[in-house]
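So the structure is just underneath, and the comments pick up after that.
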Amino acid sequence: MPQTAEIATADLKEVAAQVRRDIVRMVHAVNSGHPGGSLGCTDLLVALYFKVMKHTPQPFNMDGTGEDLFFLSNGHISATLYSVLARSGYFPVSELATFRKLNSRLQGHPTTHEGLPGIRVASGSLGQGLSVACGAAQAKKLNGDDRRVFVLMGDGELQEGQNWEALLYAAHHKIDNLIGIIDRNGQQIDGPTAEIGGLGDLRAKFEAFGWHVLQADGNDFATLLPALEAAQAATGQGKPVMFIMDTRMGYGVDFMMEGHKWHGVAPNDAQLATALEQLVVGTVGDY
C-alpha cells in the first residue's frame, strides 16, 4: 500500500493488523524477539510511515535529504520497524521470513552494516536514540533542510541518564524540528516501570527542560493521528516537541496485554494460532 496523506483510517487499521500478524509470526518462527512492545508501538509506526512522514523508500538515501527521518531508540522492537519498512516498500516483504536468522539483514536489533534500506543507525543500546536524533535534526537545520526528525523511546529507557543530557541539549539549542515520542506502556523487562525506577510526572519534567509536550492514546488512530498532527504543527517555534504516547504492551493480542511477561517471550504454536485468530486482515496478505 503506497504512502499517501489521504489514506483512510480504516486502511491504516488494516495495515496495523497485518503488521501485528507479521510480528507474532516472525518472533514465533525463531522463538526469539520482543513481541510486547512491538505490538504496542505498531499503530505509531504505521501512522508515521503510511500517513505522516514524507519519505522515499526507493531509492533509499542514507542521508535522507529532503525527507523526514525516523530513529528507533528502543531497538529491541525491531520486528515492528522491519514489518513497516517492508510493507511500505523499502525491501521485499518476503525478507521478513529471515528475521533473526544467521546472515539475515534483519537482526534482533537494527544494524547499519547489513545495508538494510530504511535503517540509518544501529540501535538497541538504550538511551542513545535521542542524542542521534538531535544530531540529525541539527544537521537538517544547518543544511537548510526543512523536514523533521522523529525518534521513538521506551519509558523504561528514560532511566538512562544520557536521555536527560540530550533533553537539555535540544532545548538549549532550540532544535525545533525534532519530535520525540515516548512509548509509555508502564512496563519494562523486570516489571512495572513505576516499581523498577519510577519516572514521576513526565510531562512536568519535559516542560521544565524546555520542551513543548503533548499526550495521547497511542493505540487509537482517532487520538494518535491528531496528536501527531499537533506535534508537527508545534515544530518551528523554538522548542523541541515531545509526544507522550500511552500504549498497552502486547496491544491487539488479548493474552499479551497484561503486565511485562511478553516483553521478550515468543509465543508457542497454540499461542500463535490464538493471536492470528484475533488479528484478522482482508487484503494485504502474509509473507
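The values are calculated or read from the model by the stated rules, or taken from the named source; none is laboratory data. Note that the structure is a prediction, hence the values are computed from the model and not measured. Using ideal geometry, Cβ is built from the backbone for each residue, glycine included, and neighbour counts are taken over all protein chains shown. Calculation scope for accessible area: heavy atoms of the full protein, side chains included, ligands and nucleic acids excluded. Shrake-Rupley method; radii C 1.70, N 1.55, O 1.52, S 1.80 Å.
Answer with yes or no whether SER78 is modelled with pLDDT of 95 or more and either crowded, with 19+ Cβ neighbours inside 10 Å or part of a helix (DSSP H, G or I) (or both). Answer is yes for this residue.
In segment 264-273, of all residues being within 25 Å of the chain's Cα centre (by Cα) and assigned to a helix (DSSP H, G or I), the one that is nearest to THR80 (Cα to Cα) corresponds to LEU272.
Among the residues making up segment 25-36, those that are closer than 9 Å to GLY264 by Cα and either assigned to a helix (DSSP H, G or I) or in contact with a His (Cβ under 6 Å, 6 or more places away or on another chain) (or both) are HIS34, PRO35, GLY36. Selection of first residues in segment 114-143 that are under 21 Å from HIS76 (Cα atoms) and of second residues that are small (Gly, Ala, Ser) and surrounded by fewer than 16 Cβ atoms within 10 Å (Cβ to Cβ), restricted to Cβ pairs under 6 Å at least 6 apart or on distinct chains, gives an empty result.
Residues of segment 179-196 that are in contact with an Asp or Glu (Cβ under 6 Å, 6 or more places away or on another chain), open to solvent by 40 Å² or more (accessible area, probe 1.4 Å) and outside any strand (DSSP E or B): ILE196 alone.
Would you say LEU85 is touching a strand residue (DSSP E or B) at 6+ places or on another chain (Cβ under 9 Å), hydrophobic (A, V, I, L, M, F, W, C) and either under 30 Å from PRO192 (Cβ atoms) or assigned to a helix (DSSP H, G or I) (or both)? Criteria not met by LEU85. Selection of segment 140-168 for residues being open to solvent by less than 40 Å² (accessible area, probe 1.4 Å) and outside any strand (DSSP E or B) yields LYS140, ASP145, ASP155, GLY156, GLU157, LEU158, ASN163, ALA166, LEU167. Scan segment 247-276 for residues that are out of contact with any helix residue (DSSP H, G or I) (no Cβ under 9 Å at 6 or more places or on another chain) and modelled with pLDDT of 95 or more and the total you get is 2. Residues that are in a strand (DSSP E or B), open to solvent by 10 Å² or more (accessible area, probe 1.4 Å) and either within 24 Å of LEU39 (Cβ to Cβ) or without any contact (Cβ under 8 Å) to a residue 24 or more places away in the chain (or both) within segment 197-243 comprise LEU214, GLN215, ALA216, ASP217, listed in sequence order. In summary, GLY135 fulfils each of the numbered conditions (1) over 19 Å from the mean Cα position of the chain (by Cα); (2) in a helix (DSSP H, G or I); (3) more than 30 Å from VAL30 (Cβ to Cβ); (4) not aliphatic (A, V, I, L, M) with the single exception of condition (1).
Residues that are aliphatic (A, V, I, L, M), open to solvent by 40 Å² or more (accessible area, probe 1.4 Å) and within 23 Å of VAL149 (Cα to Cα) within segment 22-70 comprise just one, MET62.
Being open to solvent by 20 Å² or more (accessible area, probe 1.4 Å) and under 20 Å from the mean Cα position of the chain (by Cα) is the filter; apply it to segment 96-113 and report the residue that is farthest from ASP22 (Cα to Cα). Across segment 96-113, the extreme among qualifying residues is THR112. Among the residues of segment 244-259, the one identified as in a helix (DSSP H, G or I) and open to solvent by less than 20 Å² (accessible area, probe 1.4 Å) is MET256.
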